[in-house]
Structures are given as C-alpha cells and as structure tokens.
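Notes to accompany the following structure.
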Amino acid sequence: MKRFLFKSSLFLFLVFTSFLYISSLADGNTDPFYLRFTSPKQTSLILGTSRAAQGIQPAVLDAKLDEIYPELKTYNFSFTVVHSPYGPVYYQAINKKLDKDTKNGLFILAVDPWAISTKSEQPDDTTRFLENELSLATTHFYNLNPNLEYLLENHNTPLASLIFNKIAEPENQMILKDNGWLEVSIPMKSSVVEERTLEKVEEYKKNMLPYYKFSAVRLQYLAKTINLLRNHGDIYLVRLPVDDRMYALEQKLMPEFDTLLNKLAVENNIAYINFINSRKNYRYTDGNHIEKDSGTRLTADIASAIRKGKQYSFHKK
Amino acid sequence: MLFNSFEFLLFFPIVTILYFLLPHKFRWFHLLAASCIFYMYFVPVYILILFFTIIIDYIAGIVIENAQGAKRKWYLIISLGANIGVLAIFKYYNFFIDNINDFFNLTSEASLPLLTILLPIGLSFHTFQAMSYTIEVYRGNHPAERHFGIYSLYVMFYPQLVAGPIERPQNVLHQFHERKYFDYHNAVWGLRLILWGMFKKVVIADRLSLFTNPVFNDPQDYPGTTILIAAIFFAFQIFCDFSGYSDIALGTARVMGFHLMTNFNKPYHARSISEFWKRWHISLSTWFKDYLYISLGGNRVTLPRAYFNLFLVFIISGFWHGANWTFIIWGALHGFYSIFALVTKDTRNRINKALGLSKVQWLDNTLNVLIVFALVTISWIFFRANNVQDAFYMIQKLRSIPGELVHMLSTRQFAQLNFPVYTPYVLLNFALIAFLELSHVLQIKYDLADKFSERPGYFRWSAYFLGVLAIFLIGVFEKQQFIYFQF
C-alpha cells in the first residue's frame, strides 16, 4: 500500500503541476470575467454592471485624479446586469475584493434602474435572484492566480482553449485588461450600430421590461455597500449615459429612479453624478454600452466631476 | 456530494486510506459514518427518512425469518409498504394531486394542496435495494442480517447510495462481513474505472448536455435536423452520464475491495429491444423482472396476459424514473416495442430469410443495431422532454428534416441549423461519440482492458496522465448533476 500511495502521490503531483501550468496560461482573452478573480485585493473599485465594466476606464481615472488621490490604482470590478446587480451576492464579492486596510480609496458605484431591480414577481425574494447560480456566488476564491476554482466551475469553453489561444492569438472583440476594464472593439459603422441598438432595445423591451421590478432589498444592499466602503475612502454614485431609446425604457421601469438615488446620496452624504442628461454627448456600441473612445471621454468627465466635488467639499466624513 | 466535485476528490482518498488503516471490527462503522456524511451533504435532514426505512426493514427481515405463516407476509407487506409509502409521498404525491386538480378543473382555491418538498436524492434506488432485501429474506434466498450496522451499510453504502447499481443482498451483504486487505490489483482496476467513468461523465456527457439542454428546453427555436442531432446526443449523454456514474461507483467500491454488479454492457450494440434491456441499467431491469414480472406470472400465463404483464412492468419502470407523463410514455413505448417484437418475430424472420439477410450476418446485425438505436433514441425524446407537448412537437419536427437538408445543401446556408454551441464543439461531440464507440468495439474484439494491463508501465502511466489531462482540458466542470440523481 505504501508503494501504491507513493506512486499515486507522484502521479497526482505531476497532474497538479501540469494543470497549474495550463491554468497560468489564462489571461484577458479567456473570458470576460476571469482576471477579476485572480487579482489581489484592491484599494479602489469601480462597481456596477456591464455598462461600467466597458464604460469606465481605470487608467484614465488614475491619470486624471493623481493629484487628489496619489498613487491611485482603481480596479474595475463590474460584471453584468445578471451577475452584479446590487444584492447579497455582489455585496459578498465586493467584501472579498476590498483591501480592508485602505483608508483613502476611491469607489465609483455605477447605478441604473436594472441594477436595483429583479426579474421576478417577488423582487425582494433573495432566493430568486438570478446571480445566485452564477460565478460571483459559486466561486469562493477571488484573489488566486491562477484561479483553478473559477476555471473549473465557471469556464464553459474547454480548458484546452487556453493552450490554443497561446499558440494562435485569437482576434477577440472583448479583452479583459489587468485593471478589470473590459475593452470591446467592434465595428462602429452607423448602420451596424443602429442595427445592434434596435436589437438590444427590442431585447430589453421584450425580455426584461415586462419582468423586472424594483427591489427594495437591492436598494438596501446598495446602501449596505456604501456603508461597507465608507470607512475606506470616497464614494461616488454615478449614473452612466445610455441611448435615448434605452433611457425611455428605464423611465418606464423606474421613473422615480433619480429621486431615489438623490435621496440615498443625501442620506449618506455622498455625491450622485448623473450623466443621463448628457447622453447625446457619447456614442454607444448598442444603445446600452458606451463605445471605447466615448468611454475615455466619459471617464475623464467623471474624473472632472470628482475634482469639482472635491473642490467644493462634497464629502464630509 | 457529487462524484465530479472537488469535495469528493478529498473525501474518497481520506475515507479509503482510513478504511485500510482501521482494524476490521471498526470498518463497518467508518464506512457507515462516511456514507452518512456523503448523503447529508445534499439535504441533511433527509437522512431521517433513510433511517426510518432502514429500521423498519431491519426489524421486518428478522421477524420474517423467525415467523411462520401469515405473519411473514404481513411483515413483508409492512416493509414494502413503508418503502413504497415514502416513495409515494416524496416522489409521486404532487404528480397525482396535480392530475386530480387538472382532471376536475379545480380552481386554485378549491384545488388540493401540493407538498413543497425536495425529492430526497437517490430515493428510488435505496428503497428498491431495501425492498430486494426483505423480498429475498421472505423467499428464503438470504438470511436476515442480524447486525444493524451492517444492514444499514447495505442500504447506505456511499458508492451506490444515490444512483445504484441496485444491489441484491446475496451479492453485497457478505462482503461487509469479510476482512478486506489492500490489493494492488483492485486499487488499479478501481482507479481505472473511476478515470474512465469521469471521462464519460465530465468530458462526453456534460459536453453533450451543452448542446442538448437548450434544444430540449426550447425546441421551437430549432429546426428538425438540430432536434435530431440533439436526440442522438442525448442518447449518448444519458448513457455516458449514467454508466459513467456506475463506473465511478464500481471503481470506488473496488478500490476498497468490494465488488458491485455491472450495470451497463454496451447497450447501443443491442440487436433487439429485449437485448437492449439486458444491457441497459441491468440492476433495475433484473429487479423488475425478478420481483414484479415473475410475480405477476411472467410468461407462464396466457399470451395476452404475458403481454399485459410486460407492458405493465415497462409502464411502472417508466413511472419509477419520474413523476411525469413523459416517463410513463417512455416506458409505454418500450413496452410497445417489446410486444411488437414478440408478436412479429416469426414474420420478421421470414422477411430476413427472403431478403437473404440471415446469410450476411454482419449486415443483419448492423441493421438490427441501427433500428434498435433509432427506436431507443425516439423514446429518449420523451424521456428528456420537459413535457408531453414538447416531445410530440419534436417528433413531429423530425418530418421536416428531408426538406431542410435539401434546402441547406442547395443554398449552402447552414446557419439555419442554429446550433446552440459553436460548430467546432458539435464536431468535437461527434468525435467523442466515435471515440466511445470505437473503445466499445475494441473491447469486444480485443478485450481492451486486459491488453492494456499487459502493456509496459510507462505506457500505462502515460495513458492515465493523458486521461486525466483530457478530463481537465475538454471536460465541463460547471456543477452538472448526474441525470439519474433526480430519480
């Protein structure tokens, strides 16, 4: 038995080492989320859904705000409207990603009506939240590199693709950067954009608007997230711009959204920066997500708003 | 816990190593405790249901053995009643209530209440295994087990607790009394079986499910050709899922020196429906044959009655699989296939002779295998479909395949197939199925397992390494539960 155990242990060691090596090949091309589960705990975070994941560029924030926040390194920890609406799952995830030793961090919380709504007749029943079955809930480890758990449990394509991607670099439209920003590069010819926008709006109209309802629990978790981050730095609620047609749908879902968020901001003594009224200043890939170059300008505008806010002492601790 | 989980990767070696380190007299307790932990990983409180039936069956076994006359029968009825009662409440109550409510068109206020409880995992398996014990004691084929712990272990032995094979007391009970020593040969065979089972489950079955699930869940979104591919994929998915689980169960037990019964024997190589049922889920089909079909009279009755018995057994077998009309129809289809085969046997033989097929054995066999596979695959559509309407829709959609193929080939527009996964993965699926069948053919022709054992050490270890690597590189690790767990 001893000899058998020795041989087996050697074999398992070889397997584990091989697997560890193959896993280390995973990068920003692997999938739109993986790298966010491998980076260490972070001192400054950008939170929200895919609008924030694509729309807010950490490198631009870091460059524009380095006078106010020296050595700022923001990290985009946004996912999708299904993975990371505000709620218990996202709250736990943020808790795991946050470097609790930080005191002068920067936290951008992107908000929109979908992020505080649930696709259910019982929008406050946390057992019905869709994100309960997805990677933020099923992954226990958020700061491991390579993250074997994530690769085994959440990565749908064969792991062999990690090897193939290294041999022949794929032409990906989506690349996840080391700072968590999801860079999307797709054709922006106006006819193509219009077609994508119509499709996206139709999808939201047919599959989301009839079923999503405002969730008081999610709003509570947004407030809870603010409370969590309050002792670690400055917090800003940001409503990102969208196409007119998407905005019209959001108005139908939650016409009182801005009032609610303004109230939340005042109660928590934080700023609510609302870009919805300047939505025409930006371009969108599909009416919902901001295009790359517009994202650079938007991020710069967010930084500018933050600088102004600091100048007028928005924040009182 | 699932076999294809990180927790089991830790659980199995710890339990096995401790098993061999412990003195023999404590081993039953160790295995029983491990089995309790294994079962309680799902819904802990349901272990009370298990112990409820264990206590009843344990007492019943002893009383049946000691009693005379009618008392023996009464205790058998109590034991069977307790097991079937548990099944009826947890698995079938809602089905009957739903159908009563629908039949009488009862409104939500007037409708009979449903139970909101989860189905205890493996319920159908361990109740049937428990029932086989009391029946065998009643028939005098096996003495009652006096050791409560050993009897509990018979019901709860973790490798086969949740999805079989459904064992007989003659095969298994004595093994729990025997002193087991670590045997290198058993360990190697067991681990090989586990590796092969994992490959079938994680690489083949779960990869096929990425295609079949979207198609079966929304069949109206797919053309007939894709539905046919999904049906074929599902045939192999359920085989690999279930036989993979069985292999892992057998391998896990074998490492510790326990021999469980083979549950699958290349079922898609069957040349008739009756042969299919001698190769598929052997432990269940023999259970139904020995305890239901023969008890009803089997074929020792008039022909119409024999056909009725056969049909009834298949209906009940379908119902065993799930509380849904789709499973009942699946069972009924197999009943119909079996009866049709019996009724038309002479006619078919005459046709074969007239066509000269009986002289070309390989052609005759191949045709029979393909026909049986086609019939079984059609029945699997009912088995997997979410409801009867979907199943009939899918069957009906198959008629449009010729037109679709002509259109696609003439216009070269294959995007209409609307595959739910990337086309390379569809090709990968076909390649995996081809690999599986090739291994079956080689096993028949060359006794692959023995030939493999004779190869040099570097060859075997390289093969193990590649097998494990293949599981990691091509496998699907999202928590895909074994299909038969829901039974």
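The values are calculated or read from the model by the stated rules, or taken from the named source; none is laboratory data. In this text the structure is predicted, and so the values were computed from the model without any measurement. Cβ: placed from backbone, ideal geometry, glycine included. Neighbour counts: every protein chain shown. Surface accessibility is based on the protein's heavy atoms, side chains included, excluding ligands, DNA and RNA. Shrake-Rupley method; radii C 1.70, N 1.55, O 1.52, S 1.80 Å.
Tabulated results
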{"item": "Net +/- balance of residues flanking B:M131 in space, Cβ distance below 15 Å, scoring K and R +1, D and E -1", "result": "0"}
{"item": "Kirkwood hydrodynamic radius of region B:368-445, from inverse mean 1/r over distinct Cα pairs, in Å", "result": "15.3 Å"}
{"item": "Volume per residue that the Cα convex hull of chain B spans, once the total is divided by residue count, Å³", "result": "188 Å³"}
{"item": "Cα→Cβ-extended label distance, 7 Å offset, between A:D99 and B:L442, nm", "result": "5.3 nm"}
{"item": "Expected 222 nm ellipticity per residue - DSSP helices of 4 or more, -39500 (n - 2.57), all of chain B, to 500", "result": "-22500 deg cm²/dmol"}
{"item": "Full-extension gain in nm, B:F340 to B:L355, via 0.36 nm per residue minus C-alpha separation", "result": "3.3 nm"}
{"item": "Extension gain (nm, one decimal) between A:V82 and A:K205, 0.36 nm per residue minus Cα-Cα", "result": "42.7 nm"}
{"item": "Shape metrics for region A:148-260, restricted to C-alpha atoms - Rg then Dmax, Å", "result": "19.4, 52"}
{"item": "Selected from A:R283, A:R245, A:R51 as most flexible by GNM, with chain A as the system and alpha-carbon contacts under 10 Å", "result": "A:R245"}
{"item": "Rounded FRET efficiency, nearest 0.05, which uses the C-beta distance separating B:I59 from B:R139 and R0 of 22 Å", "result": "0.75"}
{"item": "Those residues of region B:430-452 whose amide nitrogen sits under 16 Å from the label point placed on B:A463, 7 Å along Cα→Cβ", "result": "B:435-452"}
{"item": "For B:W325, solvent-accessible area (1.4 Å; no DNA, RNA or ligand), Å²", "result": "120 Å²"}
{"item": "Semi-axis lengths, Å, region B:347-487, gyration tensor of Cα atoms, sqrt of 5 times eigenvalues", "result": "33, 28, 18"}
{"item": "Compactness of region B:254-334 as Cα Rg over 2.2 N^0.38 Å, two decimals", "result": "1.23"}
{"item": "FRET E, pair A:N268, A:A216, Förster distance 22 Å, beta-carbon r, rounded to 0.05", "result": "0.85"}
{"item": "Set of lysines with alpha-carbon distance to A:K213 below 21 Å, sequence-local pairs under 8 removed", "result": "A:K119, A:K200, A:K205, A:K224, A:K252, A:K263"}
{"item": "Ranking by accessible area, most exposed first, for A:S190, B:S132 with a 1.4 Å probe", "result": "A:S190, B:S132"}
{"item": "Nitroxide proxy distance, nm - points 7 Å out along Cα→Cβ at B:H174 and B:L363", "result": "5.0 nm"}
{"item": "Surface/4 of the Cα convex hull for the protein assembly as shown, nm²", "result": "41.9 nm²"}
{"item": "Geometric extent, Cα atoms of chain A - Rg, Dmax (angstrom)", "result": "20.7, 74"}
{"item": "Local electrostatic count at B:G244 - Lys and Arg +1, Asp and Glu -1, tallied over other residues with Cβ under 10 Å", "result": "-1"}
{"item": "Net charge over other residues, Cβ less than 11 angstrom from the Cβ of B:W461 (K, R count +1; D, E count -1)", "result": "+3"}
{"item": "Theoretical FRET efficiency, 1/(1+(r/R0)^6), r = Cβ-Cβ of B:L112 and B:L417, R0 41 Å, to 0.05", "result": "0.35"}
{"item": "Chain lengthening between B:H147 and B:F52 when straightened (0.36 nm per residue, less Cα-Cα)", "result": "32.5 nm"}
{"item": "CD proxy at 222 nm, helix term only [per DSSP H run n ≥ 4: -39500 (n - 2.57); per residue of chain A; nearest 500]", "result": "-13500 deg cm²/dmol"}
{"item": "Rg/Rg_ref, region B:176-284, where Rg_ref = 2.2 N^0.38 Å and atoms are Cα", "result": "1.31"}
{"item": "Pairwise label distance in nanometres, A:L5 with A:K224, each label 7 Å out on the Cα-Cβ vector", "result": "4.5 nm"}
{"item": "Nearby lysines by direct alpha-carbon distance to A:K2 (threshold 20 angstrom, same-chain neighbours under 8 apart not counted)", "result": "B:K180"}
